[in-house]
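To start, the structure under review is shown below, and the notes come after it.
The values are calculated or read from the model by the stated rules, or taken from the named source; none is laboratory data. Keep in mind the model is a prediction, meaning the values are calculated, not measured. Note that each Cβ is placed from the backbone with ideal geometry, even for glycine, and that neighbours are counted across all protein chains shown. Side chains included, ligands, DNA and RNA excluded: accessible areas come from the protein's heavy atoms. Shrake-Rupley method; radii C 1.70, N 1.55, O 1.52, S 1.80 Å.
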Amino acid sequence: MAILGIDFGTSNTAAGVMAGDRPHLITVEPGRKTLPTSVFFDYDRKVTTYGSVANAALIDGREGRFMRALKSVLGTPLMREKRQIAYERLTLIEVVARFLQMIRERAEAETGQTYEMALSGRPVRFHSTNAARNAQAEVDLREAYMVAGYQDVSFLYEPEAAALASGPLAKGELGLIVDIGGGTSDFSVFERNGDLTSIIASNGVRVGGTDFDRSISIAEVMPLLGRGAEVRNAIGDGRHVAPNAIFNDLATWQKIPFVYTAENRSMVADFAKLGIDPKPFGRLKTVLEMELGHDIAFAVEAGKIQLNQPDLAEAGIDLRVIEPGLWAQLTQAAMDDLLASHAAQIANCAEETLEMAGVAPDRIAKIVFVGGSSLLKVVEDVMVAMFPHAALERAEAFTAVADGLAIAASRDLPL
């Protein structure tokens with residue numbers, strides 16, 4: 001029975017099968033082997049779009065509800081809450097299921113095969129500090145596959161899948177997968193004997209690219225919308241600082257769709273009237289009225305990526321969608337400082353992985369970078385500091401997990 005390997009990611013998704021002795025990635029969008037894990041419910045057309053088409057609908061300003069980073073919500077009560085999403089009442093499990101069904105349909109259309117079974121990647125830890133929530137996340141994802149029409153699904157840790165697809169290792173050498181995705185960071189120490197890949201230890205922590213974006217947004221963008229600003233009391237002569245909750249949610253990819261409530265709009269309208277400096281709160285009012293939260297998040301992400309270019313010391317976060325001429329400046333030094341705590345978590349998890357494997361850092365001959373966020377300079381810097389003599393491999397950073405899942409599915413390794 002044909003098995004479809006699916007790398008359902010926080011930010012991007014890919015799928016693969018074996019073609020002969022090589023992984024074949026499905027063309028999930030015209031001309032592309034990966035697609036954004038994005039969903040857009042179009043109010044006017046009453047259709048649901050996915051990937052780059054969903055992103056374009058948001059950017060074009062179509063009326064509807066945009067969702068991204070749904071993988072980060074797995075394991076939380078939000079997944080099972082029935083809510084009005086555009087023109088339907090759905091749970092987020094049903095939203096994820098529709099995305100997974102779309103992936104299967106595109107794979108079947110390309111290959112002519114029927115895929116009733118899936119091998120899905122999963123992080124080592126969806127939630128690194130809550131064991132019950134971590135376990136529930138796999139339950140939620142499994143249910144989404146079942147709702148999508150798959151008859152069965154098995155799971156394989158994403159860094160272990162990437163190890164299967166990595167390049168050669170000399171006999172006696174060890175490799176380390178460094179898989180930094182949108183929502184999690186995962187590590188596997190592995191060795192290879194011919195075509196046989198052996199996993200020695202795997203570990204993970206819930207920190208990834210969306211956390212990087214959140215830290216940048218809170219520090220550099222949200223003050224332009226009123227974070228930290230004072231508001232006069234509605235009664236009396238006192239004043240208080242605007243509560244942080246709305247700014248924190250607006251800076252968090254998976255929480256943005258739930259910010260646009262009547263309660264928040266009313267609160268921010270009061271801030272715009274009572275603010276010591278009303279201008280930032282006026283911008284925040286515009287963001288809620290025009291539902292621009294995801295536009296801000298994309299602008300922050302774009303600024304982060306731009307600043308990761310070699311020899312670039314400063315970049316801008318384009319916020320002109322809120323107000324003509326509005327930009328937030330971001331320097332390399334500021335970004336390094338903002339991401340330092342995340343980099344420390346990543347380094348600590350890598351160190352714990354080596355301890356689990358019982359090997360010293362100098363035993364690692366090769367670092368394999370997987371996931372778009374693994375290519376950030378701050379991640380490379382901490383890994384090079386820990387493993388100064390290891391070779392660096394980045395060739396298939398965006399597709400290594402899907403390649404490995406295709407290989408594993410063909411060998412029935414996890415089933």
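Which condition number in (1) touching a residue at least 24 places away in the same chain (Cβ under 8 Å); (2) open to solvent by 40 Å² or more (accessible area, probe 1.4 Å); (3) on the phi > 0 side of the Ramachandran plot is the one that G236 fails?
Of (1) touching a residue at least 24 places away in the same chain (Cβ under 8 Å); (2) open to solvent by 40 Å² or more (accessible area, probe 1.4 Å); (3) on the phi > 0 side of the Ramachandran plot, only one is false for G236: (1).
Looking only at residues in the range 139-170 that are part of a loop (DSSP other than H, G, I, E, B) and of a type outside the set (A, V, I, L, M), which one is nearest to F187 (Cα to Cα)? Please lay out each step first, then the result.
Step one: filter the range 139-170 for residues part of a loop (DSSP other than H, G, I, E, B), giving 148-151, 166-170.
Then keep just the ones that are of a type outside the set (A, V, I, L, M); that gives 149-151, 166-168.
Details: G149: 31, Y150: 29, Q151: 30, S166: 13, G167: 16, P168: 18 Å.
Selected residue: S166.
Which ones in the range 379-395 are open to solvent by less than 60 Å² (accessible area, probe 1.4 Å) and part of a loop (DSSP other than H, G, I, E, B)?
Once the filter is applied, which keeps residues that are open to solvent by less than 60 Å² (accessible area, probe 1.4 Å) and part of a loop (DSSP other than H, G, I, E, B), the range 379-395 yields F387, A390.
Restricting the search to the range 24-38, which residues are not basic (K, R) and not in a strand (DSSP E or B)?
Taking the range 24-38 as the starting set, the residues that turn out to be not basic (K, R) are 24-31, 34-38.
Hits for the range 24-38 are I26, T27, V28, P30, G31, T34, T37.
Assess whether I235 counts as being of a type in the set (V, I, T) and not in a helix (DSSP H, G or I). Working first, answer last.
Values: of a type in the set (V, I, T): yes; not in a helix (DSSP H, G or I): yes.
It is true that I235 is of a type in the set (V, I, T) and not in a helix (DSSP H, G or I).
When you check D211 against the structure, is it among the acidic types (D, E), touching a Gly at 6+ places or on another chain (Cβ under 9 Å) and touching a residue at least 60 places away in the same chain (Cβ under 8 Å), yes or no?
Values: among the acidic types (D, E): yes; touching a Gly at 6+ places or on another chain (Cβ under 9 Å): yes; touching a residue at least 60 places away in the same chain (Cβ under 8 Å): yes.
It is true that D211 is among the acidic types (D, E), touching a Gly at 6+ places or on another chain (Cβ under 9 Å) and touching a residue at least 60 places away in the same chain (Cβ under 8 Å).
Kindly indicate which of F369, F398 is open to solvent by 20 Å² or more (accessible area, probe 1.4 Å) and within 18 Å of the chain's Cα centre (by Cα).
Details: F369 fails: open to solvent by 20 Å² or more (accessible area, probe 1.4 Å).
Going through F369, F398 in turn, just one is open to solvent by 20 Å² or more (accessible area, probe 1.4 Å) and within 18 Å of the chain's Cα centre (by Cα): F398.
In the range 107-114, is there at least one residue being surrounded by fewer than 23 Cβ atoms within 10 Å (Cβ to Cβ), in contact (Cβ under 8 Å) with a residue 60 or more places away in the chain and either in a loop (DSSP other than H, G, I, E, B) or of a type in the set (A, V, I, L, M) (or both)?
If we filter the range 107-114 for residues that are surrounded by fewer than 23 Cβ atoms within 10 Å (Cβ to Cβ), which is where we start, we get 108-114.
Restricting the remaining residues to those that are in contact (Cβ under 8 Å) with a residue 60 or more places away in the chain gives 110-111, 113-114.
Imposing the further condition that a residue be either in a loop (DSSP other than H, G, I, E, B) or of a type in the set (A, V, I, L, M) (or both) reduces the set to 113-114.
Yes, some residue in the range 107-114 is surrounded by fewer than 23 Cβ atoms within 10 Å (Cβ to Cβ), in contact (Cβ under 8 Å) with a residue 60 or more places away in the chain and either in a loop (DSSP other than H, G, I, E, B) or of a type in the set (A, V, I, L, M) (or both).
Evaluate the range 199-212: report whether one residue or more is open to solvent by 10 Å² or more (accessible area, probe 1.4 Å), in contact with a Ser or Thr (Cβ under 8 Å, 6 or more places away or on another chain) and within 30 Å of K285 (Cβ to Cβ).
Within the range 199-212, one or more residues are open to solvent by 10 Å² or more (accessible area, probe 1.4 Å), in contact with a Ser or Thr (Cβ under 8 Å, 6 or more places away or on another chain) and within 30 Å of K285 (Cβ to Cβ).
I need the full set of residues from the range 1-23 which are assigned to a loop (DSSP other than H, G, I, E, B) and closer than 24 Å to S185 by Cα, in order please.
In the first step, residues of the range 1-23 are kept if they are assigned to a loop (DSSP other than H, G, I, E, B); the result is 1-2, 9-11, 20-21.
Once the filter is applied, which keeps residues that are assigned to a loop (DSSP other than H, G, I, E, B) and closer than 24 Å to S185 by Cα, the range 1-23 yields G9, T10, S11.
Would you pick out the residues in the range 167-200 that are touching a residue at least 60 places away in the same chain (Cβ under 8 Å) and more than 22 Å from the chain's Cα centre (by Cα)? Before the answer, list the steps.
Keep residues of the range 167-200 that are touching a residue at least 60 places away in the same chain (Cβ under 8 Å), which gives 167, 169-170, 173-189, 200.
Passing the criteria: G167, L169, A170, E173, L174, G175, V189, I200.
Does any residue of the range 116-134 turn out to be farther than 30 Å from E352 by Cα, open to solvent by 10 Å² or more (accessible area, probe 1.4 Å) and touching a helix residue (DSSP H, G or I) at 6+ places or on another chain (Cβ under 8 Å)? Break it down stepwise before answering.
Within the range 116-134, the subset farther than 30 Å from E352 by Cα is 116-118.
If we keep only those that are open to solvent by 10 Å² or more (accessible area, probe 1.4 Å) as well, we get 116-117.
Of the ones still in play, those that are also touching a helix residue (DSSP H, G or I) at 6+ places or on another chain (Cβ under 8 Å) are none.
No: zero hits.
Okay, residues lined up against (1) under 15 Å from E291 (Cβ atoms); (2) open to solvent by less than 80 Å² (accessible area, probe 1.4 Å):
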| site | (1), (2) |
| --- | --- |
| L25 | no, yes |
| G31 | no, no |
| K46 | no, no |
| I59 | yes, no |
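Could you check L376 against (1) open to solvent by 20 Å² or more (accessible area, probe 1.4 Å); (2) modelled with pLDDT under 95; (3) closer than 27 Å to V124 by Cα and say which number it fails?
So the condition that L376 fails would be (1).
Given the conditions (1) touching a residue at least 60 places away in the same chain (Cβ under 8 Å); (2) in contact with a Ser or Thr (Cβ under 9 Å, 6 or more places away or on another chain); (3) open to solvent by less than 20 Å² (accessible area, probe 1.4 Å); (4) over 17 Å from L405 (Cβ atoms), which single one is not true for V73?
The number of the failed condition is (2).
Collect the residues in the range 133-163 that are of a type outside the set (D, E, K, R) and over 22 Å from the mean Cα position of the chain (by Cα), keeping them in residue-number order. First the steps, then the outcome.
Initial filter on the range 133-163 (of a type outside the set (D, E, K, R)): 134-137, 139, 141, 144-151, 153-157, 159, 161-163.
Result: M146, V147, G149, Y150, Q151.
Has the range 310-331 got at least one residue that is under 26 Å from R206 (Cβ atoms) and under 16 Å from the mean Cα position of the chain (by Cα)?
Our first condition is that a residue be under 26 Å from R206 (Cβ atoms); within the range 310-331, this holds for 317, 330.
Still in the running and under 16 Å from the mean Cα position of the chain (by Cα): none.
Among the residues of the range 310-331, not one is under 26 Å from R206 (Cβ atoms) and under 16 Å from the mean Cα position of the chain (by Cα), which makes the answer no.
Look at R104 and say whether it is more than 23 Å from H294 (Cα to Cα), in a loop (DSSP other than H, G, I, E, B) and of a type in the set (D, E, K, R).
no
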